[in-house]
Structures are given as structure tokens and as C-alpha cells.
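The values are calculated or read from the model by the stated rules, or taken from the named source; none is laboratory data. Being a predicted model, the structure only gives us computed values, none of them experimental. No Cβ is skipped: glycine too gets one built from the backbone with ideal geometry, and neighbour counts run over all protein chains shown.
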2 protein chains.
Amino acid sequence: MLITLSPQNPTPLYRQIAEQIKNRILQGELEAHESLPSIRQLAKELTTSVITTKKAYEELEREGWIYTRAGKGSYVAPIDRSARHERLLNSLKNQFQKLITEAVDSGITPHELEKAFQEVLQRCREEEN
Amino acid sequence: MLITLSPQNPTPLYRQIAEQIKNRILQGELEAHESLPSIRQLAKELTTSVITTKKAYEELEREGWIYTRAGKGSYVAPIDRSARHERLLNSLKNQFQKLITEAVDSGITPHELEKAFQEVLQRCREEEN
DNA sequence: ATACTGTATATATAGGGTATATACAGTATG
DNA sequence: CATACTGTATATACCCTATATATACAGTAT
């Protein structure tokens with residue numbers, strides 16, 4: 001599996017690995033239930049340790065991108081796009097919630113909040129075209 | 001100046017100090033240009049080091065709550081409420097911007113974004129009453 | 001049994017955040 | 001101009017977390 005690591009990159013190795021695999025899954029380059037390289041083989045290819053590749057896989061598993069069977073290996077998880085979308089929306093709402101309560105605490109009115117949001121969103125929409 | 005420090009509080013000492021002073025300025029207990037205790041005197045009162053009180057004051061200064069003159073002392077900055085409000089709104093917009101671009105990158109539509117935002121804001125408005 | 005898989009534990013290192021002591025520099029005033 | 005206050009800068013110590021490692025352990029298949 002072709003993965004490139006930059007040691008001078010401040011993002012940790014395990015995250016670089018996870019990122020690249022995740023992107024391939026998203027791009028459809030890796031199909032559901034396709035087997036991933038074993039953590040040992042991958043570690044050998046990348047000249048890192050088993051623990052690093054393991055950690056990358058752990059992260060991917062936590063986020064639902066792959067699944068793992070002890071003694072067998074790791075496999076690409078089928079992606080349920082609608083469930084994924086749902087999760088993203090929920091996380092988004094949580095982040096909005098945090099921002100909003102914090103802003104209200106600082107004396108910003110709901111109306112101002114809405115205006116600010118619309119302004120940014122509008123700008124984003126214009127960039128789309 | 002009456003400031004209470006809890007060593008078992010996970011928030012660092014310098015931040016506890018800064019918080020309490022900031023709140024007093026906001027409450028109007030400290031007037032503009034009023035002089036604050038010297039970092040040495042405050043350190044003595046709180047049985048901490050000069051560096052800790054200094055750091056607290058540095059934070060307050062960075063955030064515009066106080067101003068400092070070398071060799072003289074630190075003083076409460078006059079608060080321009082409208083400018084402060086402006087800054088808060090700007091920071092808010094920046095945070096919205098980040099959330100929005102990230103969400104759009106993940107495939108969430110502007111319309112969904114707006115819906116999610118309205119939902120959270122609405123919930124917040126209801127709690128107000 | 002063997003040769004693969006992943007897992008768990010204990011360890012080393014680096015970096016950031018917090019707090020410190022101490023020496024340095026600015027300001028006012030008798 | 002000496003003194004006694006102010007804030008400032010530097011070098012250091014400590015702790016905690018994140019990162020990366022080696023190595024021993026456990027599951028699976030042939």
C-alpha cells in the first residue's frame with residue numbers, strides 16, 4: 001500500500017497514515033471489506049514500528065472507517081453514507097451549541113448571532129458560484 | 001485586593017487570578033485607570049511568585065483589560081463596550097467561518113447548515129424564557 | 001507446529017504548560 | 001543621585017501528555 005510519510009511534518013506519523021487510508025476509502029479506491037495490509041507489513045514498508053501502524057488503525061476503527069479481527073487482520077468498513085451524514089450533522093449541532101451559549105454569555109443577542117451566521121453563510125454561498 | 005486561589009482547582013493559578021480581576025472590571029468594581037496592585041505585592045498576598053502574577057497581568061493585557069507601564073504599574077483599561085462587542089462579533093464570525101467551511105468540505109449543504117443552526121438557536125431562545 | 005494475524009504492557013523521549021528564583025531595567029522622589 | 005518602589009527578561013525545574021518504541025502475549029489458519 002502506497003503511503004508517504006514526512007518525518008518533518010508536524011502531524012504525527014500515525015495520523016498521517018490514518019489520514020491517507022481514510023481518504024482512499026472516501027475516494028472509493030478501497031472497497032468495503034477489502035483487507036488492509038497487516039500492521040507488521042505496513043510497519044516494515046514505512047520503516048516504523050508496529051505500535052505506530054496499530055495506532056493508526058485504532059484511530060480509523062474508532063472513527064468507523066475500518067474494522068479489525070484479532071488474528072486475522074483489518075478490513076475496510078462499509079460506509080453507510082446516510083449514517084455518516086447524520087453523525088456529521090450531530091457533531092455540527094454540538095459545535096454550534098457551544099459557540100452559541102458562549103456568545104450569549106458574552107452578551108451577544110440571538111438576533112445578532114443569527115445575523116452573523118447568515119453573513120458568513122452567504123459569503124460561502126457566493127464563493128460556491 | 002481580595003483574590004482567592006484554590007490550588008486543587010485544575011485551572012492554573014495565573015488564570016484564576018486573571019479571571020477574577022477581569023470579572024471585577026466587567027462588574028464595574030474596578031474603575032478605568034484605577035491602579036492594580038503591583039505584581040510583587042499581589043504575589044506576596046497570594047503566596048505565589050512574581051512570575052505567576054506577571055503572567056496573569058500579561059494575559060489581561062493581551063485581552064485589553066488592563067494596560068501596563070514599566071516602572072509604574074498596571075492600570076484598568078477603559079472599556080469601550082461597543083468596540084468590545086465588535087471584537088466579539090468578529091471572533092464569532094471567524095469561528096462560524098471555520099465550522100462552515102469544514103462542514104461544507106465534508107459534504108454538508110449550506111441549507112443543512114442553516115437548518116442545523118436554526119434548530120440549535122431556537123432551542124437556546126426557548127431556554128431564555 | 002508454524003507462520004501468519006492483532007493485542008497488551010512497560011518504557012523512552014519530546015514538547016508544552018505551569019511555576020519558580022534571580023538578575024536586569026524603568027520611574028519617582030527625598 | 002540613592003533608594004525604593006515599579007515592571008521585564010532569562011534560565012531552570014517539574015509535570016503531564018502525546019508520540020513512538022520493543023517485546024512479550026494471544027488469536028487464526030493451514
Exercise. Any idea which residue in the range B:1-24 is nearest to DNA strand C (Cβ to nearest atom), counting only those that are within 14 Å of another protein chain (Cβ to nearest Cβ) and under 23 Å from B:Ala70 (Cα atoms)?
Worked result: B:Glu19
For this session: Filter the helices (runs of 4 or more DSSP H) completely within the range B:17-129 down to those with at least 3 residues that are farther than 30 Å from A:Arg123 by Cβ and not hydroxyl-bearing (Ser, Thr, Tyr).
Result: B:39-46, B:50-62
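Every residue, every condition in (1) farther than 30 Å from A:Ser35 by Cβ; (2) within 14 Å of DNA strand C (Cβ to nearest atom); (3) within 14 Å of another protein chain (Cβ to nearest Cβ), yes or no:
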| position | (1), (2), (3) |
| --- | --- |
| A:Val50 | no, yes, no |
| A:Ala70 | no, yes, no |
| A:Ser74 | no, yes, no |
| A:Arg87 | no, no, yes |
| A:Leu92 | yes, no, yes |
| A:Lys98 | yes, no, yes |
| A:Gly107 | yes, no, yes |
| A:Arg123 | yes, no, yes |
For this session: Could you grab me the full set of residues in the range A:1-55 that are of a type in the set (Ser, Thr, Tyr) and either within 8 Å of DNA strand D (Cβ to nearest atom) or assigned by TED's automatic domain parsing to the domain that holds A:Ile66 (or both)?
Result: A:Thr11, A:Tyr14, A:Ser35, A:Ser38, A:Thr47, A:Thr48, A:Ser49, A:Thr52, A:Thr53
Problem set entry | Selection status of A:Thr68, free of Cβ contacts under 8 Å to residues at least 12 places away in the same chain and crowded, with 16+ Cβ neighbours inside 10 Å | yes
Exercise. Is it the case that the range A:36-49 has a residue that's exposed (fewer than 14 other Cβ atoms within 10 Å of the Cβ) and β-branched (Val, Ile, Thr)?
Worked result: yes
